[in-house]
Structures are given as structure tokens and as C-alpha cells.
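Reviewing the structure listed below.
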Amino acid sequence: MLAANSFIKLVPSSAKESISTEELKELFLYYRDITGKTGSQIKWEYNGAAFPYEIKEKPEAKGTWFYLHSQHDRYNTILLGIDQEKVKDEDGSEREQSYIQVTLPEGATFGDKGKANEFCKFLAKKLQGELHLFNGRVMYFYKRK
């Protein structure tokens, strides 16, 4: 599979205007925890299949990006990073806008893409952001005028 990107943009009406990698890691751990609880409710060991990734971080990436790595045979790697971009408002003024970038590197599997899509939707919903999916479509999870 070729590399692909998805973006969760934190717009002015989002729950937060910016996010740190530490907050993003906490959201990942929370997501992994709640998906695992689904298994205990149906009395099935679902933790290993629900979201089979662990956080890995390289020293040079501290504070800007990290990746999720899986030992499972159907999954490989998902990269998550944070950055800012300049955007123009409707009135023509410029402002900084934070976003989360989710990248499927070359070698990512279709399983990775499915899990990344699930996690992106969770993040966008939780942060009330604007989700730009891997296929180019946009989903809005914030209150629009």
C-alpha cells in the first residue's frame, strides 16, 4: 500500500484549539481501554483484536510525532503527529490552526487503514474537529453555522 495521510483539523469551534503529543497519547490509551471493555461485556478476549497497537517514540520525534506499532500479523504501523498551518478566515484574516496528521507509511496493511479510520473518527468526534479522510472526503464533527 502506498503512503496515505488523514488530518484532524482543530477549527475555532472545536473542543480544543491545540493538542500536545502527550494528550494524543492519553486519548489513544483511553480509546484502547474502551474498545477492550467491549470484549469484557460480551465475555470475549477482545483486547488483542480491538486495537492491537503499542506506542513507540523515537528520541528525535519527542513532542512532534510518535507511532503505533503492532506485533499482530495483519497490522503494522500508524504514525501520528501534530503541527500547525496558516489558514485564511472568511473575513480574509490569517490565523494558526493546529491539526493532527495520521499517516499510513508504505508497508501499512489494509488492516492498518481500517483501524486508523476508526481512530481518526474517534479523535475527530472527541475533539469536535474537521476530519479529512485518507480518501479525500471530509467529515465535520463540530457545530456548524
Please work out the average accessible area per residue across the chain, using the 1.4 Å probe convention, and give it in Å².
60
Hey, which of these cross-link pairs are over 28 Å Cα-Cα: 88/113; 115/143; 16/88?
88/113
If you average the sequence gap of Cα pairs under 8 Å that are 6 or more apart and divide by the length of the chain, what percent do you get for the contact order?
33
At 1.002 mPa s and 20 °C, Stokes D of the range 81-129 from Kirkwood alpha-carbon radius, µm² per second:
167
Full-extension gain in nm, residue 3 to residue 38, via 0.36 nm per residue minus C-alpha separation:
9.5 nm
Cα pair distances in the chain, grouped into 5 Å bins until the bin that holds the longest one, percent each
2, 9, 18, 22, 20, 14, 8, 4, 2, 1, 0, 0
Separation of the residue 55 and residue 13 label points, Cα + 7 Å toward Cβ, nm:
3.1
Exposed-site-free run, longest, the chain (rule: GluC sites (Glu not before Pro); DSSP loop; at most 16 other C-beta within 10 Å)
107-145
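The values are calculated or read from the model by the stated rules, or taken from the named source; none is laboratory data. Computed from a prediction, not measured in an experiment: that's the story for all the values here. Because the Cβ atoms are built from the backbone with ideal geometry, glycine has one as well, and the counts that use them run over all protein chains shown. These accessible areas exclude ligands, DNA and RNA; they are computed on the full protein's heavy atoms, side chains included. Shrake-Rupley method; radii C 1.70, N 1.55, O 1.52, S 1.80 Å.
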